[in-house]
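Working notes, beginning with the structure itself.
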Amino acid sequence: MLAAELTAIGPAHEVVKAVEVDDPGAPKGDEIVVRLSACSINPADLLLIEGKYASLPEVPSRLGIEGVGTVEAVGADIDHLAPGDVVLSLGRTNWAHKVVLKGTQAVKLPSDIDVEQAAMLKVNGATAFRILEDYVDLAPGDWVIQDAANSGVGVNLIRLAAAAGIRTVNVVRRAELIEPLMDQGADVVVVDGGDLVERVHAATGGAEIRLAVDAVAGSLVRRLADCLASGGVIVNYGLLSGQPCEITADHLVFKGLSLTGFWLAKVASGMEYDQVAAMYQGLAGRIQDGTLSVPVEARYPLERIEDAMRHAGTYGRDGKVLLRPNG
Ligand SMILES: NC(=O)c1ccc[n+]([C@@H]2O[C@H](COP(=O)([O-])OP(=O)(O)OC[C@H]3O[C@@H](n4cnc5c(N)ncnc54)[C@H](OP(=O)(O)O)[C@@H]3O)[C@@H](O)[C@H]2O)c1
């Protein structure tokens, strides 16, 4: 079987290789073997590979933060999963034909779930869900503003918010995204620029906005801060611009804004298995009821891992890039 291996720290399309590895064989008592169906390639994977994430990965090491597959075999001590079950992997080495997981690293999903959509839940679905839940008490009719609104997180946030009656202002950097995001349920879509605050004010009728969700950082944080009502909260969860978050003392002192950070890995590490499973099963239900759906731009087999890495690392995409390890 093949597994993606990190051969060095560097550009993903150069250093990630599909290598032949031994089949896992029979699982130990508390383990399961999962045959992977679909795996998302996220910016966090690419940052890790490039040595720009929270910690440096070992070289060589296996890769792939997200994956959904079918249980092939279970160890003698496993009673909550059985062969044939569709599971979301909580492991971080999912870019492979098969992976061995502890039973507590897999969450059972509905057997008829769309595996591609499910393969985008663990990171981006959960991030959008938690950010909407955890920072500002939002009620139907309230407004939220976010940037990188066409990203996986952004589309999930638009759709979760719309289903809850929460209205979204969505900042993008390309005008061609306005129509597709309105189709996803966005209330307002604006292209970033110096007069962002005036255009947001005009489009929302001067609505009070108390939550800003930011993946870009840099000067856009200042423009988001200008759009917020006094006492509002900016939640930064990404560093797409590579720049530090800009905010003024006026924003913090006179306007009373707060700027905080969200990291799903940290949030999840503070949760019990049952809580994590319940969160993902709840989000899976939102795929099943049509609330969550993220566009996919391309699918690759493991044999074309370099092409998949190069594609995932390009911006201006129309959706996520997925691996389909077993076709
Ligand atoms: N903190 C956490 O726990 C957490 C969890 C999930 C994701 N994230 C972060 O969230 C961000 C989005 O992830 P994703 O998987 O949703 O992304 P994605 O679906 O792969 O989409 C990438 C997005 O980044 C935008 N972008 C890239 N470079 C940019 C720049 N310099 N300025 C503005 N926008 C830029 C792209 O815009 P175009 O389409 O115009 O190129 C696109 O909207 C990433 O930074 C990721 O690391 C963090």
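Read-outs: derived from the displayed coordinates by stated rules, not from any lab. All values derive from a computational prediction rather than experimental measurement. No Cβ is skipped: glycine too gets one built from the backbone with ideal geometry, and neighbour counts run over all protein chains shown.
The H on the amide N of residue 109, modeled in the peptide plane, is under 5 Å from the matching H of 86, 87, 88, each at least 5 residues off or on a different chain. Scalar couplings 3J(HN,Hα) for segment 233-243, obtained by applying the Karplus form with A = 6.51, B = -1.76, C = 1.60 to θ = phi - 60°, are 10, 10, 10, 8, 10, x, 9, 4, 6, x, 9 Hz; x denotes Gly and Pro. Give the distance, in whole Å, between the Cα centre of segment 164-196 and the Cα centre of segment 197-246. With segment 164-196 and segment 197-246 each reduced to a Cα centre, they are spaced 13 Å.
Counting only lysines at least 8 places from residue 52 when in the same chain, those with an alpha carbon closer than 30 Å to its own are 17, 98, 102, 122, 266, 320. Between the beta carbons of residue 222 and residue 1, assuming R0 = 41 Å, the FRET efficiency works out to 0.25 to the nearest 0.05.
Couplings for segment 85-96, taken from phi via the Karplus curve 6.51 cos²θ - 1.76 cosθ + 1.60 with θ = phi - 60°, read 5, 8, 10, 8, 7, 8, x, 10, 9, 8, 7, 7 Hz in order; Gly and Pro are left as x. Annotation: amide H of residue 10 within the under-5 Å range of 50, 51, sequence separation 5 or more or interchain, hydrogens built in the peptide plane.
Remark: relative contact order (segment 1-101) = 36 percent; criterion is Cα-Cα distance under 8 angstrom and separation of 6 or more residues. Coupling constants for segment 310-327 follow from the phi torsions by the Karplus curve (6.51 cos²θ - 1.76 cosθ + 1.60, θ = phi - 60°), and in residue order they are 4, 5, 5, x, 9, 9, x, 7, 9, x, 7, 9, 10, 9, 10, x, 10, x Hz; glycine and proline get x. A simple spin-label model places the labels of residue 137 and residue 8 5.5 nm from each other, with each point 7 Å out along Cα-to-Cβ.
Relative intensity of segment 118-246 on a log10 scale, I(q)/I(0) at q = 0.09 Å⁻¹, equals -0.21, per a Debye sum over C-alpha point scatterers of equal strength in the absence of solvent.
Charged side chains reduced to their Cβ positions (Lys and Arg at +1, Asp and Glu at -1) give the chain a dipole of some 280 debye around its Cα centre. Among 59, 74, 213, which one shows the highest mean-square fluctuation when the chain is modelled as a Gaussian network with alpha-carbon springs under 10 Å? Largest GNM mean-square fluctuation: 59. Sorting 98, 28 by the number of Cβ atoms found within 10 Å of their own Cβ, with the fewest placed first, yields 28, 98. Once you divide the Cα radius of gyration of the chain by 2.2 N^0.38 Å, the number left is 1.02. Of the residues 40, 61, the one with the fewest other Cβ atoms within 10 Å heads the list, and the complete ranking is 61, 40. Using a Gaussian network model of the chain whose springs link C-alpha atoms within less than 10 Å, name the residue from 175, 54, 118 with the highest mean-square fluctuation. Top of the fluctuation ranking is 54. Based on every Cα atom in segment 1-111, Rg and the maximum pairwise Cα distance Dmax equal 14.3, 42 Å. Amide H neighbours of residue 259 under 5 Å, at least 5 residues apart or on other chains, H built in the peptide plane: list them. So residue 259 has HN proximity to 234. Against the chain, whose longest principal axis comes from its Cα atoms, helix 273-288 is set at around 70 degrees. Between the beta carbons of residue 28 and residue 266, assuming R0 = 35 Å, the FRET efficiency works out to 0.75 to the nearest 0.05.
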